[in-house]
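The values are calculated or read from the model by the stated rules, or taken from the named source; none is laboratory data. All figures in this text were calculated on a predicted structure; none of them were measured in a lab. A quick note on method: Cβ atoms are made from the backbone with ideal geometry, for glycine too, and the neighbour counts reach across all protein chains shown. With ligands, DNA and RNA removed, areas are computed over all heavy atoms of the protein, side chains included. Shrake-Rupley method; radii C 1.70, N 1.55, O 1.52, S 1.80 Å.
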Amino acid sequence: MIEKGYLVYANNNEECNYVRQAYALALSLKIFNPDAHITLVSKDDIPSKYLPVIDDVLVPKKSVTTSKLNAEQRQHQFNISPYLKTMVFDADV
């Protein structure tokens, strides 16, 4: 298990491309911490051009949600994290 890393949630909706925002966040993290390990949690397809800065992609087991923000997924964030120490972000920070 990797000691520390970033878990970024990004689920697109009809109004916003959160996966693209997650990519921008990953680029920013890598500028200040080139060795940062970043895992994206998304139900959406990830463009291949984003993958050089995203180390892993996790697909949530439950994609059915009752909220617009997919908040239900976050209750499992530390159970699915591949890191001993995890910093969690929403893509639109």
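Here are the numbers:
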read-out: Scan of segment 19-63 for residues that are polar (S, T, N, Q), modelled with pLDDT under 95 and surrounded by 17 or more Cβ atoms within 10 Å (Cβ to Cβ), ordered by number; value: Ser42
read-out: Cross-chain or 6+ apart pairs with Cβ under 8 Å, segment 16-44 first and over 20 Å from Tyr83 (Cα atoms), then at pLDDT below 95 and of a type in the set (A, V, I, L, M, F, W, C); value: Tyr18/Ala10; Tyr18/Ala91; Val19/Ala10; Val19/Ala91; Gln21/Ala10; Gln21/Ala91; Lys43/Val59; Asp44/Ala10
read-out: Pairs with Cβ under 6 Å, 6+ apart, first in segment 79-93 and at negative phi and assigned to a strand (DSSP E or B), second open to solvent by 90 Å² or more (accessible area, probe 1.4 Å) and at pLDDT below 90; value: Leu84/Met1
